[in-house]
Amino acid sequence: MFVAKRMTPNPTTITPKSTVADAFEKMRAHKFRRLPVVDDKGHLLGIVTDRDLREVSPSPATTLSIFELNYLLAKMQVKDIMKTDVITICDDATIEEAALLMYNHKIGGLVVVDTENKVVGIITETDIFKCFVDVMGLAAGKKRLTLIVSDNVGILHDITAVFKKHGVSIGSLASYPLGDGRKELVIRADVGDEKALCDDLSAAGYPVQHMVQIG
């Protein structure tokens with residue numbers, strides 16, 4: 001699945017000459033956490049986040065009046081506080097690439113750009129979570145079976161053959177390394193006769209460790 005299918009397209013942006021007060025208002029009105037900063041042609045120049053705005057906001061202990069505060073924020077421009085080293089991703093990248101970028105850089109969102117570095121979208125951790133739920137078929141309501149298997153060739157063939165024998169279609173499948181040469185294999189499927197399926201998996205050498213209904 002590609003980023004373009006999961007991002008929020010045509011995101012709200014701001015120009016470098018906009019005031020910090022304008023940025024505050026846009027974020028407050030739309031409940032944004034980040035605003036891409038663009039030129040008049042939509043090319044990415046930087047980004048301003050809610051953290052950047054908090055850092056330039058006066059302390060509650062300030063002796064400045066509300067009029068002085070508003071004056072200062074109205075004079076300060078976005079270009080004075082924006083970050084220019086923006087971590088971006090192309091719209092034709094995969095969801096996996098986006099998730100790995102966010103994970104490695106410990107950030108909650110990415111600006112999506114096209115080949116000309118024009119801002120075309122925003123993808124956030126919420127979008128990644130939604131994609132995970134959809135890909136794994138969690139909302140569809142399936143049984144989740146957990147098996148512990150070795151990392152040998154042919155294991156999936158053996159296990160899926162048991163599901164085929166019982167006429168069970170697998171909705172999704174994922175494996176997680178355990179660090180000892182084995183893997184936790186998670187299968188989600190519409191299981192009918194649970195006992196018969198589990199008995200045959202055990203007979204094949206793949207006993208079910210855990211089963212639960214998800215969704």
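Below is a table of values for the structure above.
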item	result
Kirkwood hydrodynamic radius over Cα pairs of the chain, then Stokes diffusion coefficient at 25 °C and 0.890 mPa s, in µm²/s	117 µm²/s
Linear extension gain, C90 paired with Q209, 0.36 nm per residue minus alpha-carbon span	38.8 nm
Hull shadow area, averaged, the stretch 133-215 [alpha-carbon convex hull, nm²]	5.2 nm²
Carbon plus sulfur fraction of accessible area for the chain, probe 1.4 Å, in percent	55 percent
Accessible area of the chain divided out per residue, in Å², using a probe of 1.4 angstrom	60 Å²
Accessible surface of R144 - all protein chains present, 1.4 Å probe, nearest 10 Å²	50 Å²
F129 accessible area, assembled protein chains, probe 1.4 Å, Å²	130 Å²
Relative contact order (%) - the chain, alpha-carbon pairs under 8 angstrom, separation at least six	20 percent
Under 14 Å from K143, Cα to Cα: aspartates and glutamates that are on another chain or at least 8 residues apart	D190, D193, E194
Given K31/K142; K106/K164; K31/K83, the pairs whose alpha carbons are separated by over 31 Å	K31/K142; K106/K164
Rounded Å value of the spacing that divides the Cα centres of the stretch 146-170 and the stretch 195-215	10 Å
Area of R51 that stays accessible when all protein chains are in place (1.4 Å probe, Å², to 10)	150 Å²
Charge sum, other residues only, whose C-beta stays under 10 Å from R6's C-beta, Lys/Arg counted +1 and Asp/Glu -1	0
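The values are calculated or read from the model by the stated rules, or taken from the named source; none is laboratory data. It should be emphasised that the depicted structure is a prediction, and the values quoted were computed from it without experimental measurement. Neighbour counts run over all protein chains shown; Cβ positions are idealised from the backbone, glycine included. Accessible surface is based on the protein model in full, side chains and every heavy atom, while ligands, DNA and RNA are left aside. Shrake-Rupley method; radii C 1.70, N 1.55, O 1.52, S 1.80 Å.
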